[in-house]
């Protein structure tokens, strides 16, 4: 089982949903980066369930930084962060031990790990494991912002409701950080109502997240197997529930003309820009200086209370299942900060790889 991502700035995950602790180790980070614990707590709060549209399992996320930080700054040694699991109801999963929940990893994990994987709450496959990612990436997000690199994610679509697209405006990203519901326009109540209706019917709903990175220098990334799209996609698909990633116009290129969607270059106040950004700020796998923009398709939460057909993979027989317990009818709001965090990890690693380990350090 591989749990490490990154080339020179790496993150390694550990823990299970109902185990004693979950956590991560961030290695390769330079010394002297300020650690804003208020920001870490704020980011964890954005990931935490906050209303009836989300799971009733609410963890305090009182993290422990066991190493790598001293007097409020990184020391250059690995940062080990742990978060205890407290609010667990493992008995909810006793009846599911040998039953494959549709669209969950249960059956695949049973085969791969020979029946030894922790099945409680999804074990190591659980979205709970994203909490330490968010906590450690918070350090990187702040360091990137000191370099005028900003990352933001909003709900572009949920059900029948569509938000506006990003416009390449840093203020939009800053405003999103202050919101509990990550949207750009006033459709929060409409989306919440649709999610609550799904929950009342025992169902769930998916959506699309849009992410923008502003301030990346041109020339970051490599063609072929280390493209910016490839690095980001590899990391984004590690988030459970993401089933599609498109950059810029994405699948919209499929029924379009080159004359309509080519990004023409121009010089504006001495800076090279493109008149449009259909390629999402990337050409040939390399950043071109425009905002990097991509969308992530988020599938409906697979844990629903409606009856479903499945199997008991130990008895090798067909069974019917109605899932009980505490589950999100929609995970898209909570996933926005996770996408920000995974993106920050990838971007920071690419910058450190190109410019050196001290790139993220700022003189204060």
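For (1) under 24 Å from residue 192 (Cβ atoms); (2) touching a residue at least 24 places away in the same chain (Cβ under 8 Å), each residue gets a yes or a no:
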site	(1), (2)
79	no, yes
108	no, no
122	no, yes
131	yes, yes
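Return yes or no: is residue 309 over 30 Å from residue 192 (Cα atoms) and in contact with a strand residue (DSSP E or B) (Cβ under 7 Å, 6 or more places away or on another chain)?
No; evaluated as a whole, the condition is false for this residue.
Any chance the range 36-44 includes a residue that's over 30 Å from residue 194 (Cβ atoms) and in a loop (DSSP other than H, G, I, E, B)?
The answer is yes; a qualifying residue exists.
Quick check on this structure: which one of 24, 105, 100 is within 29 Å of residue 183 (Cβ to Cβ) and buried (at least 16 other Cβ atoms within 10 Å of the Cβ)?
Unique residue meeting the criteria: 24.
I need the full set of residues from the range 235-245 which are touching a residue at least 12 places away in the same chain (Cβ under 8 Å) and out of contact with any helix residue (DSSP H, G or I) (no Cβ under 8 Å at 6 or more places or on another chain), in order please.
Hits for the range 235-245 are 243, 244.
Under 6 Å between Cβ atoms, which residue pairs at least 6 apart in sequence (or on different chains) link something in the range 261-284 that is in contact (Cβ under 8 Å) with a residue 40 or more places away in the chain with a partner that is part of a loop (DSSP other than H, G, I, E, B) and surrounded by fewer than 16 Cβ atoms within 10 Å (Cβ to Cβ)?
Every condition considered, the pairs that remain are 284/223.
Scan the range 27-48 residue by residue and report those that are under 19 Å from the mean Cα position of the chain (by Cα), surrounded by 17 or more Cβ atoms within 10 Å (Cβ to Cβ) and farther than 24 Å from residue 232 by Cβ.
Residue satisfying the conditions is 48 alone.
Can you confirm whether residue 152 is farther than 23 Å from residue 303 by Cα, in contact with a helix residue (DSSP H, G or I) (Cβ under 6 Å, 6 or more places away or on another chain) and either at pLDDT below 95 or not in a helix (DSSP H, G or I) (or both)?
So residue 152 fits the description; yes.
If a residue has to be part of a loop (DSSP other than H, G, I, E, B) and under 17 Å from residue 34 (Cβ atoms) to count, how many in the range 64-86 make the cut?
Of the residues in that region, 6 qualify.
Kindly provide the set of residues from the range 1-35 that are part of a loop (DSSP other than H, G, I, E, B) and touching a helix residue (DSSP H, G or I) at 6+ places or on another chain (Cβ under 6 Å), ordered by number.
Those that are part of a loop (DSSP other than H, G, I, E, B) and touching a helix residue (DSSP H, G or I) at 6+ places or on another chain (Cβ under 6 Å): 6, 7, 8, 9, 16, 17, 18, 30, 33, 35.
What's the number of the condition residue 243 fails, among (1) under 30 Å from residue 131 (Cα atoms); (2) surrounded by 19 or more Cβ atoms within 10 Å (Cβ to Cβ)?
For residue 243, the failing item is (2).
Of the conditions (1) closer than 22 Å to residue 216 by Cα; (2) surrounded by fewer than 16 Cβ atoms within 10 Å (Cβ to Cβ); (3) under 25 Å from the mean Cα position of the chain (by Cα), residue 236 clears all except one; give me its number.
All conditions are met except number (2).
Going residue by residue through the range 261-273, is there one that turns out to be in a helix (DSSP H, G or I) and modelled with pLDDT of 95 or more?
Yes: the range 261-273 contains one or more residues that are in a helix (DSSP H, G or I) and modelled with pLDDT of 95 or more.
Tell me whether the range 293-307 contains one or more residues that are closer than 24 Å to residue 210 by Cα, crowded, with 22+ Cβ neighbours inside 10 Å, out of contact with any helix residue (DSSP H, G or I) (no Cβ under 7 Å at 6 or more places or on another chain) and modelled with pLDDT of 95 or more.
Yes; the residues of the range 293-307 include at least one that is closer than 24 Å to residue 210 by Cα, crowded, with 22+ Cβ neighbours inside 10 Å, out of contact with any helix residue (DSSP H, G or I) (no Cβ under 7 Å at 6 or more places or on another chain) and modelled with pLDDT of 95 or more.
I'm trying to understand the selection: among the residues of the range 43-65, which are over 18 Å from residue 140 (Cα atoms), without any contact (Cβ under 8 Å) to a residue 60 or more places away in the chain and in contact with a strand residue (DSSP E or B) (Cβ under 8 Å, 6 or more places away or on another chain)?
Hit for the range 43-65 is 62, nothing else.
Could you grab me the full set of residues in the range 160-197 that are assigned to a loop (DSSP other than H, G, I, E, B) and in contact with a strand residue (DSSP E or B) (Cβ under 7 Å, 6 or more places away or on another chain)?
163, 165, 166, 168, 182, 183, 184, 187 - these are the residues of the range 160-197 that are assigned to a loop (DSSP other than H, G, I, E, B) and in contact with a strand residue (DSSP E or B) (Cβ under 7 Å, 6 or more places away or on another chain).
Among 80, 165, 137, which is the only one that is surrounded by 22 or more Cβ atoms within 10 Å (Cβ to Cβ) and within 21 Å of the chain's Cα centre (by Cα)?
Exactly one of 80, 165, 137 is surrounded by 22 or more Cβ atoms within 10 Å (Cβ to Cβ) and within 21 Å of the chain's Cα centre (by Cα), namely 137.
For the range 178-201, indicate whether the set of residues that are in contact (Cβ under 8 Å) with a residue 60 or more places away in the chain, under 24 Å from residue 345 (Cα atoms) and out of contact with any helix residue (DSSP H, G or I) (no Cβ under 9 Å at 6 or more places or on another chain) is non-empty.
Within the range 178-201, not a single residue is in contact (Cβ under 8 Å) with a residue 60 or more places away in the chain, under 24 Å from residue 345 (Cα atoms) and out of contact with any helix residue (DSSP H, G or I) (no Cβ under 9 Å at 6 or more places or on another chain).
So which of 207, 230 is within 21 Å of residue 347 (Cβ to Cβ), in contact (Cβ under 8 Å) with a residue 24 or more places away in the chain, surrounded by 15 or more Cβ atoms within 10 Å (Cβ to Cβ) and under 19 Å from the mean Cα position of the chain (by Cα)?
Selected residue: 230, the only one of 207, 230 that is within 21 Å of residue 347 (Cβ to Cβ), in contact (Cβ under 8 Å) with a residue 24 or more places away in the chain, surrounded by 15 or more Cβ atoms within 10 Å (Cβ to Cβ) and under 19 Å from the mean Cα position of the chain (by Cα).
The values are calculated or read from the model by the stated rules, or taken from the named source; none is laboratory data. Note that the structure is predicted; figures quoted are calculated from it, not measured. So basically every Cβ, Gly included, is an ideal-geometry build from the backbone, and we count neighbours across all protein chains shown.
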